[in-house]
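The values are calculated or read from the model by the stated rules, or taken from the named source; none is laboratory data. None of these values were measured; they are calculated from a predicted model. Here Cβ is always computed from backbone atoms with ideal geometry, including for glycine, and neighbour counts include all displayed protein chains. Quick note on the areas: whole protein, heavy atoms, side chains included, nothing else; ligands and nucleic acids left out. Shrake-Rupley method; radii C 1.70, N 1.55, O 1.52, S 1.80 Å.
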Amino acid sequence: MFKQNPTSELFAVPLWKFNLESSADANISIENRVYEKSVNEKNRLASNEGGWHSDGNMCDDPVMAPILTFIEWSVNELSTESRMKYSTYKIFLWANLNRPGDYNTMHSHPDSQLSGVYYVKVPVGDCGRLRFYNPMYHYNYPNSQSTSEFTSPRVDITGKEGSMYIFRSPIMH
């Protein structure tokens, strides 16, 4: 008499993860460049609490060439998978250098379609956490006594060296 049909999920929030194989050499070069820039360039105040945030776009730095190629490949892959075509886009690339106690406050990138984080170095300990905030949490709050992907206020991802996460830019992180 009663029958439940398969559940559909509406308005999915994708998180794409990609790994740069053999990233060690590129990561060492990038790490050295970021430390060099952090000594020679002023800190840009953005979402960073402590730490150092590079100014401007690092796309012109030859050291970043492997990462730019990786980003372009990844965007092509996610475009195919998601059937969302990102054929014309600009990459704005910067570096964050966070030391113990430093972090980035919750923010989004409203003037963009996609955002991403690439991990050059992740020290041992409580480091490399990327926190995503559930955009539906406030709607689900009265039912939040249970823990599920529908009611959780946030999801934490711990990055690894050579991994990149790409997500839709309006997602608070």
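Laid out as a table, the results:
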item: Pairs from 37/121; 37/160; 42/160; 42/85; 85/160; 17/90 whose Cα-Cα separation, in the structure shown, is over 25 Å; result: 42/160; 42/85; 85/160
item: Surface share of carbon and sulfur [accessible, 1.4 angstrom probe, percent] for segment 1-105; result: 52
item: Surface per residue (accessible, 1.4 Å probe) for segment 1-87, Å²; result: 72
item: Solvent exposure, largest accessible area first (probe 1.4 Å, DNA, RNA and ligands not counted), of 69, 105; result: 69, 105
item: Scattering profile of segment 21-173 at q = 0.12, 0.14 Å⁻¹ [log10 I(q)/I(0), Debye over alpha-carbon scatterers]; result: -0.59, -0.79
item: Share of pairwise Cα separations in segment 1-41, more than 18 Å, in percent; result: 64
item: Positive-end extreme of charge dipole, the chain - chosen from 8, 125, 86 (charges on Cβ); result: 8
item: Translational diffusion coefficient (Stokes-Einstein; Kirkwood radius from C-alpha pairs) of segment 1-82 at 10 °C, 1.306 mPa s, in µm²/s; result: 96
item: Rounded FRET efficiency, nearest 0.05, which uses the C-beta distance separating residue 68 from residue 41 and R0 of 22 Å; result: 0.65
